[in-house]
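Written below as structure tokens is the structure these notes are about.
Every number in this text was worked out from the coordinates using simple rules, so none of it is lab data. Everything quoted here is computed from the prediction, not taken from an experiment. No Cβ is skipped: glycine too gets one built from the backbone with ideal geometry, and neighbour counts run over all protein chains shown.
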Amino acid sequence: MNGRPENVSAYIAIAEKLFSSEKLPDGGRRVASRVFERLRTPSDDGARHDTRYPACDSLDAALAPFIGHDTLFGAAARAITALEPDLGWSRRSSGVNGSDNYIDAHVHGMICGPGGAESRYDVQLGFSLMLPHTRYPDHSHPPEEAYVLFTPGEFRQNGGDWIDPGIGGGIHNVRGNPHAMRSGATPFLAIWCLLTRDGD
Ligand SMILES: [Fe+2]
């Protein structure tokens, strides 16, 4: 494709700023900068994972606390809302230590990446939404990844302690790094980007 829909461009520009925050680990900022470098070139094969899951209905509630804010989080929330009809949805149903309800209590939205609003295979740019009191299973994946947290929430890496990086902070997962996340009393929303290598 030659162009890129305005709503995708708008989200990418906001996300790039969020992933360049000093609150992120250096490695997270580095991998994100490589993702956004690739995203300078639009690429869309038209695949769309438009099947919806129960947690999709909680997107507005998760964004509500900051959608009106004059901040990057507010701008990102408004951009996600504008993209909502074009998002690619998925969820995990495997892995250990997930809370009993986790399958219906979470969903992933893909903006740039397989089946997303811009379907491509060299990067992934999207977000994870979890309902309150949800513990996502331990998992790992080949691509290197960075997260930025939009709400209260905690992460765990390599079976270590749970950490709360704070809103706007995040974590960096090297290739294959086991990790998990969990929500507290409020909905959890974190955005992520992954850098895919050939063969991943
Ligand atoms: Fe991950």
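Quick notes
- Residues in region 96-115 that are closer than 20 Å to Ser58 by Cβ and either of a type outside the set (Gly, Ala, Ser) or under 12 Å from the mean Cα position of the chain (by Cα) (or both): 11 in all.
- On the stretch given as region 184-200, residues that are assigned to a loop (DSSP other than H, G, I, E, B) and away from the ligand (no atom under 14 Å from the Cβ) total 7.
- Near pairs, Cβ below 6 angstrom, 6+ apart or cross-chain, from region 178-197 (closer than 20 Å to Ser58 by Cβ and in contact (Cβ under 8 Å) with a residue 12 or more places away in the chain) to any residue that is assigned to a strand (DSSP E or B) and within 10 Å of the ligand (Cβ to nearest atom): Met181/Phe155; Ala190/Ser128; Ala190/Tyr147; Trp192/Glu145; Trp192/Tyr147
- Residue identified as surrounded by fewer than 23 Cβ atoms within 10 Å (Cβ to Cβ) and within 13 Å of the ligand (Cβ to nearest atom) among His106, His139, His133: His139
- Gly126 vs. criteria closer than 21 Å to Gly74 by Cα and within 15 Å of the ligand (Cβ to nearest atom): yes
- Top-ranked residue of region 142-169 - restricted to ones that are under 17 Å from Gly109 (Cβ atoms) and away from the ligand (no atom under 11 Å from the Cβ), ranked as surrounded by the fewest Cβ atoms within 10 Å (Cβ to Cβ): Thr151
- Selection status of Gly176, within 16 Å of the ligand (Cβ to nearest atom), outside any strand (DSSP E or B) and at positive phi: yes
- Within region 15-29, tally of residues that are among the hydroxyl-bearing types (Ser, Thr, Tyr) and touching a helix residue (DSSP H, G or I) at 6+ places or on another chain (Cβ under 7 Å): 1
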